[in-house]
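Asks: Here you go, one structure.
The values are calculated or read from the model by the stated rules, or taken from the named source; none is laboratory data. Worth saying up front: this structure is predicted, and the values here are computed from it rather than measured. Glycine also receives a Cβ, built like all others from the backbone with ideal geometry; neighbour counts cover every protein chain displayed. When the accessible area is computed, the model is the full protein with side chains, heavy atoms only, and any ligands, DNA or RNA have been set aside. Shrake-Rupley method; radii C 1.70, N 1.55, O 1.52, S 1.80 Å.
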Amino acid sequence: MRRRRRSRAAETAAAALLLLLSAACGSRLPESDFEQTTAAPRASVIRVGVITSTTSPVGGSAFTGPRDGAVAWFDRLDARGGIDGRRVEVRLCDDGGSGVGNNACVHRLLDEDKVVALVATTSLDYAGAPRVSHAGVPDIGGQPIGPAYDTWPHLYGVYGSLAPRDGTPGWDGRLYGGTEVYRYFRREHGARTAAVVSYNQPASASYARLVERGLKAEGYKVVSEQVDFALPNFRAAAADLKAEGADLVFDALDTHGNARLCEAMDEVGARVTAKVTNVQNWTSTVPEDYKDSPACRNALWVTGSSRNHDDPSDPAVREFREATKDLPTHSQWQLEGWAAARWFTRAARSCAASGITRACVDDFMDHSEGFDAGGLLIPVRFERLTEPPRTRRTCLSVARWQDGRGWVTQGDMNHTCFDVPQLAYTP
């Protein structure tokens, strides 16, 4: 199990890009994790902080999934006795999507509220990360939208990290991502030609080049399509990818651009094996987001490092869905926030006898070995490798959208694994 934790750094870089354009042997937690470990409850509480870019320029719903999932876990945990008879008090802070706001949240939660840990951090600009690290406060299960979780000690992203985390991103400022997504579609579905659609905007074009490198490394014929950022002609791009016989479509577009591209693909009759999207778009809102493109909608595929939130056959997913049944929508980021809170709970329980302190919780996290949140995550590891890996065995969670069924799981994520090269990029 040691090598089966996929690095999601490249995909999370994509998530950050798409957001900006629109302004990755497990320990299992049984049901007993919700139960008290002592009969006599204590008067004190365990205080944790959740920082979210709720009112960021990219929209209020873009970042709130991990927060909602974490809060749902803690609510259920408290209803069942808390941790060592102590209630978990969640302090929320909206950083507004700015570095200034993020630093203000970090100051408030660390210095004023005295939180034991941060959980499920989801920040557009995690400017306060150095302060969190220098204070020795564990940040557990955060979404690595930027490079902070591959830069600083005491920060534990939800997908893990192999980087030295010595204050410099990755290895000498370079991060690495694998080609497992492209390998999957080539081996499992016989894809040979892939189109990559981007804007003529620097960040979009840069990410598109990274995707193209990965596709070429896996032997694909690559069709590059670039549209004007201000006045995009998606119909022309769709006609080109149809003419080139593209099996797959990847993109460096925002959500609105994706929807328009899908509409154009339906209009010109472009049929593909998969229109591949990322974990942030793994939501229940697909029928509304792609309401005008039924063919493209039913060609949507998504890959990630956590179990499909829309798969009721899994008991851990059913538990998550029951606890979040009152939420208007569901998403993969909610499930990952739930998993992050579950991770903190495991760490805090391990410290109950000696005292639930920042140092004790951090020590547990620093020695985490294959945590999988009851099977919700591909087993996560933290290792400080002095040299970046050239290749890795990485695993994928895969689902596709089908009208009437929702997101349908494609295979077992712990066995959909590939030995793939790791490609360097600068965050």
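Asks: Does any residue of segment 329-351 turn out to be open to solvent by 10 Å² or more (accessible area, probe 1.4 Å) and in contact with a Cys (Cβ under 7 Å, 6 or more places away or on another chain)?
Replies: No; the residues of segment 329-351 include none that is open to solvent by 10 Å² or more (accessible area, probe 1.4 Å) and in contact with a Cys (Cβ under 7 Å, 6 or more places away or on another chain).
Asks: A follow-up question, please. Exactly one of (1) surrounded by fewer than 24 Cβ atoms within 10 Å (Cβ to Cβ); (2) within 17 Å of the chain's Cα centre (by Cα) is unmet by residue 86. Its number?
Replies: So the condition that residue 86 fails would be (2).
Asks: Next up: Considering only residues that are crowded, with 16+ Cβ neighbours inside 10 Å and assigned to a loop (DSSP other than H, G, I, E, B), which ones fall in segment 230-243? Full working, then the answer.
Replies: So in segment 230-243, the residues crowded, with 16+ Cβ neighbours inside 10 Å come out as 232, 234-235, 237-242.
Listed by number, the list holds a single entry, 232.
Conditions tested, residue by residue: (1) in contact with a strand residue (DSSP E or B) (Cβ under 7 Å, 6 or more places away or on another chain); (2) surrounded by 18 or more Cβ atoms within 10 Å (Cβ to Cβ); (3) in a loop (DSSP other than H, G, I, E, B); (4) among the small types (Gly, Ala, Ser).
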site: 74; (1), (2), (3), (4): yes, yes, no, no
site: 115; (1), (2), (3), (4): yes, yes, yes, no
site: 125; (1), (2), (3), (4): no, yes, yes, no
site: 146; (1), (2), (3), (4): no, yes, yes, yes
site: 149; (1), (2), (3), (4): yes, yes, no, no
site: 159; (1), (2), (3), (4): yes, yes, yes, no
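Asks: Collect the residues in segment 245-295 that are buried (at least 22 other Cβ atoms within 10 Å of the Cβ), small (Gly, Ala, Ser) and modelled with pLDDT under 95, keeping them in residue-number order.
Replies: Once the filter is applied, which keeps residues that are buried (at least 22 other Cβ atoms within 10 Å of the Cβ), small (Gly, Ala, Ser) and modelled with pLDDT under 95, segment 245-295 yields 252, 257.
Asks: Also, I was wondering about something else. Restricting to segment 187-229, what's the tally of residues that are part of a helix (DSSP H, G or I) and not polar (S, T, N, Q)?
Replies: Residues of segment 187-229 that are part of a helix (DSSP H, G or I), as a first pass: 187-189, 202-217.
Cutting the leftovers down to not polar (S, T, N, Q) gives us 187-189, 202-203, 205, 207-217.
Final tally of qualifying residues: 17.
Asks: For the subset of segment 367-378 comprising residues that are within 21 Å of the chain's Cα centre (by Cα) and modelled with pLDDT under 95, which member is most open to solvent (accessible area, probe 1.4 Å)?
Replies: Initially, segment 367-378 is screened for residues within 21 Å of the chain's Cα centre (by Cα), giving 368-378.
Those still in the list that are modelled with pLDDT under 95 too: 368-370.
Values: 368: 7, 369: 102, 370: 1 Å².
If we take residues in segment 367-378 being within 21 Å of the chain's Cα centre (by Cα) and modelled with pLDDT under 95, then 369 is most open to solvent (accessible area, probe 1.4 Å).
Asks: Can you report the number of residues in segment 303-325 which are in contact with a strand residue (DSSP E or B) (Cβ under 8 Å, 6 or more places away or on another chain) and either in a helix (DSSP H, G or I) or among the charged types (D, E, K, R) (or both)?
Replies: 3
Asks: How many of the residues making up segment 78-103 are in a helix (DSSP H, G or I) and either touching a strand residue (DSSP E or B) at 6+ places or on another chain (Cβ under 8 Å) or acidic (Asp, Glu) (or both)?
Replies: Looking only at segment 78-103, we keep the residues that are in a helix (DSSP H, G or I), and these are 78-79, 99-103.
Keeping just the survivors that are either touching a strand residue (DSSP E or B) at 6+ places or on another chain (Cβ under 8 Å) or acidic (Asp, Glu) (or both) gives 78, 101-102.
Residues meeting the conditions: 3.
Asks: On the basis of being open to solvent by less than 50 Å² (accessible area, probe 1.4 Å) and under 22 Å from residue 63 (Cβ atoms), does residue 321 make the cut? Quick ask: steps written out before the conclusion?
Replies: On the way: open to solvent by less than 50 Å² (accessible area, probe 1.4 Å): no; under 22 Å from residue 63 (Cβ atoms): yes.
No.
Conditions tested, residue by residue: (1) in contact with a His (Cβ under 7 Å, 6 or more places away or on another chain); (2) among the aliphatic types (A, V, I, L, M); (3) more than 20 Å from residue 418 (Cβ to Cβ).
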{"position": "163", "(1), (2), (3)": "no, yes, yes"}
{"position": "168", "(1), (2), (3)": "no, no, yes"}
{"position": "173", "(1), (2), (3)": "no, no, yes"}
{"position": "188", "(1), (2), (3)": "no, no, no"}
{"position": "207", "(1), (2), (3)": "no, no, yes"}
{"position": "216", "(1), (2), (3)": "no, no, no"}
{"position": "224", "(1), (2), (3)": "no, no, yes"}
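Asks: Okay, moving on. Could you say which residue among 381, 400 is open to solvent by less than 50 Å² (accessible area, probe 1.4 Å) and out of contact with any helix residue (DSSP H, G or I) (no Cβ under 9 Å at 6 or more places or on another chain)?
Replies: Details: 400 fails: open to solvent by less than 50 Å² (accessible area, probe 1.4 Å).
381 is the lone residue from the list that is open to solvent by less than 50 Å² (accessible area, probe 1.4 Å) and out of contact with any helix residue (DSSP H, G or I) (no Cβ under 9 Å at 6 or more places or on another chain).
Asks: Checking the condition under 23 Å from residue 145 (Cβ atoms) and of a type in the set (Ser, Thr, Tyr), which residue from 386, 426, 391 passes?
Replies: On the way: 386 fails: under 23 Å from residue 145 (Cβ atoms); 391 fails: under 23 Å from residue 145 (Cβ atoms).
Result of the check over 386, 426, 391: 426.
Asks: Looking at this structure, is residue 176 closer than 21 Å to residue 359 by Cβ and among the aromatic types (Phe, Trp, Tyr)? Explain how you work it out, then say what you get.
Replies: Numbers: closer than 21 Å to residue 359 by Cβ: no; among the aromatic types (Phe, Trp, Tyr): yes.
For residue 176, the condition - closer than 21 Å to residue 359 by Cβ and among the aromatic types (Phe, Trp, Tyr) - is not met.
Asks: Continuing with this model, one more query. Residue 226 versus (1) open to solvent by 10 Å² or more (accessible area, probe 1.4 Å); (2) of a type outside the set (Asp, Glu); (3) touching a Gly at 6+ places or on another chain (Cβ under 8 Å): which is the lone unmet condition?
Replies: (3)
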